[in-house]
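Structure, as structure tokens:
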Amino acid sequence: MYDHLLGGTDNYFSDRLACDDLLRMAPSTRELALINRAFLIRSVRFLAAQCGVRRFIDFGSGLPTHPNVHEVAQEIDNTAQVVYVDNDPIVLAHGRMMLQEDMKTTAVIMSDMRDTERVFATDQVHRLLRDRLPVAALFASVLHCIPNNSTPDPWQLVRDVAKRLPPGSYLVISQLTSDDPKLREDVTRFMCDITEGNWGEVRSFHDVRRFFEGLELQEADEPCEVSQWRPDSQISPRQATQEWVEYGGVARIP
């Protein structure tokens, strides 16, 4: 569905039908997908160019979408290393096809992102951590795929990843957010129904701010609607309606 909303071609008729239903419920959904992708690109470019980060882990990366994280980071430094993590075999197949010529600096591993023990035990992630240089963990529009009653819950997942990264590392977090209880309930129920329970929750602003507790926010005093985080032009996607937003930010681990 995300691929279709971004204008991609790696999707199915059922995905497009589901997107049509979701757009009727929340018309700004396509706009949100574009806004989130632009935020991810800006945050990776900021971390590589301004913070000197050369190592990235993209949790719940989804299907390859140009430009990809490694392409953005390697514009700054062609030695930048990226590990994509996803539990979808289609993502794994597409990712490995895309990276056939770039396996020295970029890898795709198939794993549930909640299984941090397994993710951090892989050779690919171990290679990123070997000399304890800063690493950026990306959770871009993916934490809403994890239910509150998951084990670990999404807040514990973020804390667990932060503890495993070297001091001075970074987290990029965005998620679908609304303070309208009915919209949260309606969209959450719809997404859970069409994925047969394999989805999480649209959360309140308060719940998303909890992800940043104990972290040092970058370029903003608090989490924000992500089109407002370091906007790079006046023609970049902007949030036009307020039914729900992509909300988050970039934070440093002390």
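Among the residues of segment 38-79, count how many are of a type outside the set (S, T, N, Q), within 16 Å of Val125 (Cα to Cα) and in a loop (DSSP other than H, G, I, E, B). Qualifying residue count for the region: 3. The set of residues in segment 114-138 being closer than 18 Å to Tyr170 by Cβ and β-branched (Val, Ile, Thr) consists of Thr116, Val119, Val125, Val135. Checking the structure you have, find out if any residue of segment 205-226 is in contact with a Phe, Trp or Tyr (Cβ under 7 Å, 6 or more places away or on another chain), within 22 Å of Phe56 (Cα to Cα), surrounded by fewer than 16 Cβ atoms within 10 Å (Cβ to Cβ) and not small (Gly, Ala, Ser). Looking for residues that are in contact with a Phe, Trp or Tyr (Cβ under 7 Å, 6 or more places away or on another chain), within 22 Å of Phe56 (Cα to Cα), surrounded by fewer than 16 Cβ atoms within 10 Å (Cβ to Cβ) and not small (Gly, Ala, Ser), one finds at least one in segment 205-226, hence yes. Among the residues in segment 113-131, are any charged (D, E, K, R), over 15 Å from Arg54 (Cβ atoms), in a loop (DSSP other than H, G, I, E, B) and at pLDDT 95 or above? The answer is yes, given that some residue of segment 113-131 is charged (D, E, K, R), over 15 Å from Arg54 (Cβ atoms), in a loop (DSSP other than H, G, I, E, B) and at pLDDT 95 or above. Of the set (1) without any contact (Cβ under 8 Å) to a residue 40 or more places away in the chain; (2) surrounded by 21 or more Cβ atoms within 10 Å (Cβ to Cβ), all apply to Ile57 but (1).
Picking from residues in segment 190-204 that are crowded, with 16+ Cβ neighbours inside 10 Å and under 18 Å from the mean Cα position of the chain (by Cα), the one that is farthest from Asp15 (Cα to Cα) is Ser204.
The values are calculated or read from the model by the stated rules, or taken from the named source; none is laboratory data. None of these values were measured; they are calculated from a predicted model. All Cβ positions, even for glycine, are placed from backbone atoms using ideal geometry, and neighbour counts span all protein chains on display.
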